[in-house]
Amino acid sequence: MTLRNPRASVNGNTQIYVMSGKRKWHEADWEVALAAQSYVAVLAAIEEKQAAPKSKTKVKKGQKKPTRRSTRARKGEEEKKEEDNDVTMETTVDNKQVDEFWLAQLQDDVTEDMLAQEDVSVHVTWLNRTADRRYEVAYDEQVDVGSILCHVYLRELSATALELTHKSLARAQRCLARTKAKLAGQEVPEDEDGQEEDNERPPPSLTTSRKRQSGEEDTKTSSGRGKGKTQKLSKREMAMHISPLRTTVDEAKYEDREMLGSQPFESFSGDVSSANREVVRAVLTRNIKLLKKLTTDVYAELSTFDAPRSADISRTALHYAIDNDDLAAAALLRQTDEKVEKEKLATTPDVALPSHSTGQHTSRFSDYNRRAINASRGGKEGNNALLGDSYAARAATLSLDYLWRSAHASVEMLTLLYPTGDWTNGYSVGNNVCHLARCGNYRLVRKVVETLEKNGGWGFNELHHKVLADCPDDDAATPLLPVFRAVSAIKQAHQTRLRPLHLAAINPNTKYLEELWAVAGDEFSAIKDDQGFEPIHYAAGCESPEPMKFLLEKRCGLFGRT
């Protein structure tokens, strides 16, 4: 669109800015004069009138016009006259309806600095006039800021129809008259009321008017006095009121089939990874029927029963069965080692992405500190971040070792996972007892230590499991512990240096800890095991806060390091 008019500012006031050199930015330059999404009136461009081209048909000299005309010739001349009359009428109508200003919707903010510059354009959406003061949205274009006359208000009639208000029309005509006078060099006409601006309020939007109409209808239809009025909130309630972002859902009408375990097993069409996680879902939802089906019927679609839950959560189905003390699920998972043929399981899905290492070293670097650092990739994982979901086949012992790190494992679970009692074999028995004690599982520790103390060879004495007993229900005069000396209270086990004072700190009944403390004294309050754990560390893993309270009253150190 070509605009031939000179610069015209908002409200028709032409301002001339003389810039001498550079000037600093002022805060007023960033003030928004016309905000985006507002409607403005734009000075219309003057269209040039082109002369009608002359007919190139030549008339021969001496040729006379025919005096006799046929019927077809007469009809042709009459039709031509009617067409000429129609064209003339359309031309006169168009000349009468020539728009002197156009309406548009701003898509960008117009700042004071933009008004002070030349050749600055903004993005607008034009409005086509369909009737008197009726407009509709047309197309987008760039327009010069200097051609904007003033801001106007339009009332929404529908989603596409708009209507120009009477005050905005009068304001646009006044601004147009002043702009024309300035362009012609004439005197600028003054307003009749002496005010350049009228205090016109923006009309309500379409949604607001609909809500208001619906509210009025409800008020009219409601019976009784004051039933249609809404209760006005106080200032404090208005400040605390937060409108909901979305509609609320009645949770009672919906149920999560996946979490409730009611979703049946469906074939994953070769998706082995998704089929492996069905085992975890069956254990979490305690769906024994689904777990039995997976371990006996459709196990050919699975590649392993020890698949982790996700890339971040490495727990398997057996881990959750141990934590929940689910003996039925643990029994079905243990039977897979004997009854399921590994050759019939599905093949583990291959990963096309290779894993990039941080490099290798030779014997020349034996005297230097070495560590795997992704320095060559800027400290980032690269494609290795996409390999977190890939897992290799795991040994069954890795899942069974989790028993010694579970705070909810029971003696029955220990018997189920180790039916022959082979947990006493190996050199890791002492470490397993320490891990179990640090979790606060004093019931299972009591049974394990008692068994090891009877068999001998591990350095445990009678106090190691006596301090883990429950409080007796008989006469209070009965001694809790047999007579012992201070050296027995700090008797250390082989390899781990686990002492009765450590185990007494995980018993919720603090009477045993108090009796040991009375004999051993405060000098052994910070005694450590082989990993540097003190009694206060073991008390932190207890299921009750009473041992921790007792140690804090005795002023035990809180800065022990492991």
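The values are calculated or read from the model by the stated rules, or taken from the named source; none is laboratory data. Remember, it's a predicted structure, so these values are computed and weren't measured experimentally. Every residue, glycine as well, gets a Cβ built from its backbone with ideal geometry; the counts of neighbours run over all protein chains shown.
Name every residue in region 483-506 that is touching a Gly at 6+ places or on another chain (Cβ under 9 Å), over 13 Å from GLY459 (Cβ atoms) and among the β-branched types (Val, Ile, Thr), in order of residue number.
Hit for region 483-506 is ILE506, nothing else.
Looking at this structure, is GLU543 out of contact with any helix residue (DSSP H, G or I) (no Cβ under 7 Å at 6 or more places or on another chain), of a type in the set (Asp, Glu) and free of Cβ contacts under 8 Å to residues at least 40 places away in the same chain?
No; evaluated as a whole, the condition is false for this residue.
Please state which of the following conditions LYS211 fails to meet, knowing it meets all the rest: (1) under 51 Å from the mean Cα position of the chain (by Cα); (2) modelled with pLDDT of 60 or more.
Unmet condition: (2).
Residues of region 78-129 being at pLDDT below 75 and of a type in the set (A, V, I, L, M, F, W, C), which ones?
Those that are at pLDDT below 75 and of a type in the set (A, V, I, L, M, F, W, C): VAL87, MET89, VAL93, VAL98.
Quick one: how many residues across region 333-346 are assigned to a loop (DSSP other than H, G, I, E, B) and either surrounded by 11 or more Cβ atoms within 10 Å (Cβ to Cβ) or not assigned by TED's automatic domain parsing to the domain that holds ASP306 (or both)?
The qualifying residues number 3.
Could you please give the count of residues in region 410-439 that are in a helix (DSSP H, G or I) and of a type in the set (Gly, Ala, Ser)?
Summing the residues that are in a helix (DSSP H, G or I) and of a type in the set (Gly, Ala, Ser) in region 410-439 gives 2.
Being over 22 Å from ARG561 (Cβ atoms) and of a type in the set (Asp, Glu) is the requirement here; does GLU546 meet it?
yes
Every residue, every condition in (1) within 47 Å of the chain's Cα centre (by Cα); (2) crowded, with 21+ Cβ neighbours inside 10 Å; (3) among the polar types (S, T, N, Q); (4) on the phi > 0 side of the Ramachandran plot, yes or no:
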position: LEU463; (1), (2), (3), (4): no, yes, no, no
position: HIS494; (1), (2), (3), (4): no, no, no, no
position: ALA520; (1), (2), (3), (4): no, yes, no, no
position: LYS528; (1), (2), (3), (4): yes, no, no, no
position: SER544; (1), (2), (3), (4): yes, no, yes, no
position: PRO547; (1), (2), (3), (4): yes, yes, no, no
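Could you look through region 494-543, keep only residues that are among the basic types (Lys, Arg) and in a loop (DSSP other than H, G, I, E, B), and pick out the one that is farthest from LEU452 (Cα to Cα)?
This residue is LYS528.
Would you pick out the residues in region 161-190 that are in a helix (DSSP H, G or I), hydroxyl-bearing (Ser, Thr, Tyr) and out of contact with any Cys (no Cβ under 9 Å at 6 or more places or on another chain)?
Start the filter on region 161-190 by keeping residues that are in a helix (DSSP H, G or I), which leaves 166-184.
Filter once more, so that each one left must be hydroxyl-bearing (Ser, Thr, Tyr): 168, 179.
Once the filter is applied, which keeps residues that are in a helix (DSSP H, G or I), hydroxyl-bearing (Ser, Thr, Tyr) and out of contact with any Cys (no Cβ under 9 Å at 6 or more places or on another chain), region 161-190 yields only THR179.
Within region 507-562, restricting attention to residues that are of a type in the set (Ser, Thr, Tyr) and in the same structural domain as LEU444 (by TED's automatic domain parsing), which residue is farthest from ARG446 (Cα to Cα)?
Filtering region 507-562 for residues that are of a type in the set (Ser, Thr, Tyr) and in the same structural domain as LEU444 (by TED's automatic domain parsing), the one farthest from ARG446 (Cα to Cα) comes out as SER525.
Suppose the filter is small (Gly, Ala, Ser), part of a loop (DSSP other than H, G, I, E, B) and over 27 Å from SER399 (Cα atoms); does SER488 pass it? Full working, then the answer.
Working: small (Gly, Ala, Ser): yes; part of a loop (DSSP other than H, G, I, E, B): no; over 27 Å from SER399 (Cα atoms): yes.
Judged against the criteria, SER488 is not a match.
Tell me, which residue of region 361-400 that is assigned to a helix (DSSP H, G or I) and in contact with a helix residue (DSSP H, G or I) (Cβ under 8 Å, 6 or more places away or on another chain) is modelled with the highest pLDDT?
Filtering first and then ranking leaves LEU400.
Which one of these does LYS554 not meet: (1) more than 29 Å from VAL411 (Cα to Cα); (2) without any contact (Cβ under 8 Å) to a residue 12 or more places away in the chain?
Condition (2) is where LYS554 drops out.
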